[in-house]
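Visitor: One structure follows; several queries about it will come next.
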Amino acid sequence: MPIKNDSLAGNLMQNNRIELLKNLMKTRIILTDGAMGTSLQKYKLSEEDFKDELFKNHTILLQGNNDVLNISKPKIVQEVHKSYFDAGSDIIGTNTFGATSIAQADYGLEDYAYQMNEEGAKIAVAAAREAEKTDGKPRFVAGAIGPTNRTASISPDVNDPGFRAVTFDDLKQSYGEQVRGLIAGGVDLLLIETIFDTLNAKAAAFAIEEICQELGLKMPVMISGTISDLSGRVLSGQTVEAFWNSLNHVHPFSFGLNCGLGATQMRPYVAQLSKIIDTPICVYPNAGLPNEFGEYDESPTATGELLGEFASEGLLNIVGGCCGTTPEHIKEIYKNIKGKQPRAIPNFEEEG
């Protein structure tokens, strides 16, 4: 679908906002938001809530498909965004983690993927502008691009290791639709997050590059990977150093880790990244490791103190929370990073 908001004035405004964010990053650590799903669970939404009027005759269950709420319950999504801005967030991610046609095919809603992204971006941007009116503090919106529920590098069939459930071109096309929707909705940045397969991330980055060239835009791209276990590798096998080497050609606005681990388990990999990358580091861990019921028990105080230690050690430029984190966690992180200097970005060319 065509981009509706591609005027020269809009492009210049977005560029000015990014320059403002870059200047802020020189003086302090930037705070992102916490988990969208954790906050939405508190609303105890029913199947009817997820479907609302538009999808009331849809034959596939939609409960748990948080991305559809951008269409069926936009006010609730905006309330969640507001709660994170109120907690101190500078950047929030759109509620579009699973809003690709590939992921939405499981719900029979692949034809609504573009709309989910455009509306999700508009909701987040509206929340950002409202927050700015309240206190004059600039706020920013990152278009969230999840990994999809398919992997391009690994066979899902142990009996057929050569089989792939998705192709690179399929991923690029699906990501491209998502990116167009996010740009049309007015996001400031694009966030390729929770990467478990570097090839999937490459497809997303390629789609972004193609669309930006087509539209004459420059969209900053944040990249965030997921360490799958204590081996220190993403699911497709890369160490954090290999992960960086595979994607540094994108010249990301920020690079880092999220999900998978709590702050305690994530720390050595963040420290390793800090030594080898010449771009800002973004970290948003889970609220600890899940318990036997799949729930996250780490308190806001504990998460805040742990990430405050990261800040004191000079490991952070951008920080927030992932699974299990709430506005209360973000408030505690804010309290613990306030006044601490951001990580100094190394210049390896000068050092060499």
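Visitor: Return the only residue of 195, 211 being over 19 Å from residue 283 (Cβ atoms) and touching a residue at least 12 places away in the same chain (Cβ under 8 Å).
Guide: The match here is 211.
Visitor: Scanning segment 46-72 for residues that are assigned to a loop (DSSP other than H, G, I, E, B) and under 26 Å from the mean Cα position of the chain (by Cα), which turns out surrounded by the fewest Cβ atoms within 10 Å (Cβ to Cβ)?
Guide: By that ranking, first place goes to 46.
Visitor: If you don't mind, there's one more thing I want to ask. Select from segment 262-284 the residues that are over 14 Å from residue 317 (Cα atoms) and either of a type outside the set (A, V, I, L, M, F, W, C) or at pLDDT below 95 (or both) and write down the one among them that is surrounded by the fewest Cβ atoms within 10 Å (Cβ to Cβ).
Guide: Within segment 262-284, the match that is surrounded by the fewest Cβ atoms within 10 Å (Cβ to Cβ) is 268.
Visitor: To continue, here is another question. How do the pairs read when you match residues in segment 312-328 that are under 17 Å from residue 222 (Cβ atoms) with residues anywhere that are of a type in the set (Gly, Ala, Ser) and in a loop (DSSP other than H, G, I, E, B), using Cβ under 9 Å and keeping only pairs 6 or more apart or on different chains?
Guide: Taking only residues 6 or more apart or on different chains, the pairs are 320/34; 320/89; 321/34; 321/35; 321/287; 322/34; 322/35; 322/287.
Visitor: Filter segment 66-118 down to the residues that are more than 21 Å from residue 184 (Cα to Cα), acidic (Asp, Glu) and free of Cβ contacts under 8 Å to residues at least 40 places away in the same chain and list them by number.
Guide: The one that is more than 21 Å from residue 184 (Cα to Cα), acidic (Asp, Glu) and free of Cβ contacts under 8 Å to residues at least 40 places away in the same chain: 79.
Visitor: Just give me the residues in segment 203-229 being part of a loop (DSSP other than H, G, I, E, B), within 18 Å of the chain's Cα centre (by Cα) and of a type in the set (A, V, I, L, M), in sequence order.
Guide: Hits for segment 203-229 are 219, 227.
Visitor: Just wondering, is there one or more residues in segment 1-10 that are touching a Phe, Trp or Tyr at 6+ places or on another chain (Cβ under 9 Å), modelled with pLDDT under 95, within 28 Å of residue 211 (Cα to Cα) and in a loop (DSSP other than H, G, I, E, B)?
Guide: Among the residues of segment 1-10, at least one is touching a Phe, Trp or Tyr at 6+ places or on another chain (Cβ under 9 Å), modelled with pLDDT under 95, within 28 Å of residue 211 (Cα to Cα) and in a loop (DSSP other than H, G, I, E, B), which makes the answer yes.
Visitor: Right, something else. How do the pairs read when you match residues in segment 218-240 that are at positive phi with residues anywhere that are part of a helix (DSSP H, G or I) and buried (at least 20 other Cβ atoms within 10 Å of the Cβ), using Cβ under 9 Å and keeping only pairs 6 or more apart or on different chains?
Guide: 232/240; 232/269; 237/198
Visitor: Return only the number of the condition from (1) outside any helix (DSSP H, G or I); (2) surrounded by fewer than 16 Cβ atoms within 10 Å (Cβ to Cβ); (3) in contact (Cβ under 8 Å) with a residue 12 or more places away in the chain that residue 33 does not satisfy.
Guide: (2)
Visitor: Then there is this: Considering only segment 104-148, state which residues are outside any helix (DSSP H, G or I), in contact with a Gly (Cβ under 7 Å, 6 or more places away or on another chain) and either among the aliphatic types (A, V, I, L, M) or within 20 Å of residue 75 (Cβ to Cβ) (or both).
Guide: 142, 144
Visitor: What is the one condition in (1) aliphatic (A, V, I, L, M); (2) crowded, with 22+ Cβ neighbours inside 10 Å; (3) assigned to a loop (DSSP other than H, G, I, E, B) that residue 330 does not satisfy?
Guide: (3)
Visitor: For segment 304-343, which residues satisfy the criterion of being more than 15 Å from residue 283 (Cα to Cα) and out of contact with any helix residue (DSSP H, G or I) (no Cβ under 7 Å at 6 or more places or on another chain)?
Guide: Residues satisfying the conditions are 338, 339, 341.
Visitor: Against the definition (surrounded by 20 or more Cβ atoms within 10 Å (Cβ to Cβ) and assigned to a loop (DSSP other than H, G, I, E, B)), how does residue 252 come out, yes or no?
Guide: Yes: the conditions hold for residue 252.
Visitor: Within the set of pairs 6+ apart or on separate chains, which have a first residue in segment 165-178 that is more than 15 Å from residue 110 (Cα to Cα), a second that is of a type in the set (Lys, Arg) and assigned to a helix (DSSP H, G or I), and C-beta atoms under 8 Å apart?
Guide: 168/202
The values are calculated or read from the model by the stated rules, or taken from the named source; none is laboratory data. Note that the structure is a prediction, hence the values are computed from the model and not measured. Backbone-built Cβ (ideal geometry, glycine too); neighbour counts: all protein chains shown.
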